[in-house]
1. Checking Val97 against (1) of a type outside the set (Phe, Trp, Tyr); (2) touching a Gly at 6+ places or on another chain (Cβ under 8 Å); (3) buried (at least 17 other Cβ atoms within 10 Å of the Cβ), only one condition comes out false. Which one?
2. List, please: which pairs have Cβ atoms under 9 Å, are six or more places apart or on different chains, and start with a residue in region 417-435 that is under 24 Å from Tyr61 (Cα atoms) and end with one that is part of a helix (DSSP H, G or I) and among the charged types (D, E, K, R)?
3. I need every pair where a residue in region 197-214 that is without any contact (Cβ under 8 Å) to a residue 12 or more places away in the chain and under 16 Å from Asn185 (Cβ atoms) has its Cβ under 6 Å from the Cβ of a residue that is aliphatic (A, V, I, L, M) and not in a loop (DSSP other than H, G, I, E, B), sequence separation at least 6 or different chains.
4. Got a sec? Which strands (runs of 3 or more DSSP E) wholly within region 289-348 have at least 1 residues that are farther than 21 Å from Val43 by Cα?
5. Identify all residues within region 129-145 that are under 23 Å from Val188 (Cβ atoms) and buried (at least 21 other Cβ atoms within 10 Å of the Cβ); write none if there are none.
6. Scanning region 100-116 for residues that are of a type outside the set (Lys, Arg) and surrounded by fewer than 11 Cβ atoms within 10 Å (Cβ to Cβ), which turns out nearest to His154 (Cα to Cα)?
7. If I filter region 111-136 down to residues being out of contact with any helix residue (DSSP H, G or I) (no Cβ under 6 Å at 6 or more places or on another chain), over 20 Å from Arg193 (Cα atoms) and not in a loop (DSSP other than H, G, I, E, B), which single residue comes out as modelled with the highest pLDDT?
8. Can you tell me which residue in region 200-229 is surrounded by the fewest Cβ atoms within 10 Å (Cβ to Cβ), limited to those that are more than 21 Å from Ser291 (Cβ to Cβ) and under 23 Å from the mean Cα position of the chain (by Cα)?
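The values are calculated or read from the model by the stated rules, or taken from the named source; none is laboratory data. Since this is a predicted model, take the numbers as computed values, not measurements. For neighbour counting, all protein chains shown are included, and Cβ atoms are generated from backbone atoms with ideal geometry for every residue, glycine included.
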Amino acid sequence: MTRLPDWFGTGHERRAKLLACLAVACLVVVTVGVVSAPDQPRVTVDDEPPENNTLIGLQGYQHEGKVVEVAPDGEVVWEYDDPDDVFDVEALGPDRVQLSTADEIPDEECPEKFQNDGFRNCVRNSLRIVEKSSKEVVWEYAWYDVELHEHELHDADHYTVNAAEANGTAADDREDRWVLVDLGNDRVFAVNRQQEIVWQWNATDTYDRPDGIGPEGDWTHVNDVDRLRPGVFQVSLRNFDTVVELHVVENGSVEVEPVVGPNSFSGSEGPLYEQHNPDRLADDHLLVADSEHDRVVELNADREVVWEVGGSATLDWPRDADRLSDGHTLVADSYNDRVVEVDRNGEVVWAVETGALPYDADRLPAEWSDGVRAEGSRDRPTATEAQLADGGEESLVERYRGYAVAVSKYVLPAPVGERVIPLFVGVVSLLGATIEGVRWRGWRLRGK
């Protein structure tokens, strides 16, 4: 009977057989993992389950964007999957959801100006208000742009103004407005219910576009807007690592006031690195998903970091963070494909694995009343008054592993992408086994 060491042989033969065994083992691991992958969403941490449901916007890696309402046990109680990509979501009441969406449109179906523009396909950006019970779109504002990538609608905020000031009607009436960020055209603008633009700000009004970036280049990457008070809007300029305020005066002109960051495209000073979804809290604090730093931070009025949670072993490219009324923080942990809730001690006490690249998450109220919405952070508590503890862990290995897995999901099916490391090792081992096998067999043939 041949012993195993003897079967492996020596030299090229041994290396070929060892690499072949490693390739088979890795591919078995990938196959078993894909076949047995659990359904999503699913709760993975349940130390302190929330009392209410969570509304989640899933961007999707390959046009699998959707909105889901998830119960504390992970059950999906409502879903809307019509758009290709979904970004910001807000509950306007018990039966209405506002969502910022983008759909990739084939060139032949695009407006004529986008059909032969040198870009593959075009994008239709859409701010929609959807009736949950019927899933019908009851109001929409939409526009086309040259392509999907870096030209999507990421955020919008609903507000009202005094109708008497807007159009001379009865003083106690209110008129609906929506302020939107137009990433592809580097602008922020507001529309009324009749879909008329009532004011707008172009980044070129304030900043000089760098010579190396054309009009379709990813310059400001303006990705978030919130109305703070009448006439004042907070805006995130992601590629500037900067948050600013837009002060809109009655004649429609806009003044820009920096809040935090270098306030320039080439700047590198400041605490943030390509941030998403900054929320203004009480006492002029700022809660921010500091995405490329894999953390969530809270800055005080002097723009000093007074609280942070994250690190690449805890969060991977978070893009939304909301302070809850009990001092917990809800985070869309994007590249980890999950939404997590962090307690006052900086520990993850609830997590739901969603898949499909979550962008935004809001905790819904237990009861709805007039004026109640779910659209971001509560004003209080701040980290200072609640004495919140920092949390999270950093890991260089996890940083690069997480990045490799995330990038692979843009081209591979998600269950395969989750196992891209053993898949890569298996493929390389198979290639090595083939090379060593040819050398082994070739030498044997020459020796005959």
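1. For Val97, the failing item is (2).
2. Between residues of region 417-435 that are under 24 Å from Tyr61 (Cα atoms) and residues that are part of a helix (DSSP H, G or I) and among the charged types (D, E, K, R), the close pairs are Ile421/Arg401.
3. Once the first residue is without any contact (Cβ under 8 Å) to a residue 12 or more places away in the chain and under 16 Å from Asn185 (Cβ atoms) and sits in region 197-214, its partners that are aliphatic (A, V, I, L, M) and not in a loop (DSSP other than H, G, I, E, B) give Ile197/Val191.
4. Values: elements: 295-299, 305-310, 318-323, 329-333, 338-342.
Counting at least 1 such residues, we get 295-299, 305-310.
5. Result: Asp145, single match.
6. The first filter runs over region 100-116 and keeps only residues of a type outside the set (Lys, Arg), leaving 100-112, 114-116.
Then drop every residue that is not surrounded by fewer than 11 Cβ atoms within 10 Å (Cβ to Cβ), which leaves 106, 108, 112, 116.
Working: Pro106: 21, Glu108: 25, Glu112: 25, Asn116: 26 Å.
Ranking the candidates gives Pro106 first.
7. Among those that are out of contact with any helix residue (DSSP H, G or I) (no Cβ under 6 Å at 6 or more places or on another chain), over 20 Å from Arg193 (Cα atoms) and not in a loop (DSSP other than H, G, I, E, B), it is Val123.
8. As a first pass, look at region 200-229 and keep what is more than 21 Å from Ser291 (Cβ to Cβ): 200-202, 204-212, 214-216, 227-229.
Applying the additional criterion that residues be under 23 Å from the mean Cα position of the chain (by Cα) yields 216, 227-228.
Numbers: Glu216: 16, Arg227: 19, Leu228: 12.
Checked region 200-229; the qualifying residue surrounded by the fewest Cβ atoms within 10 Å (Cβ to Cβ) is Leu228.
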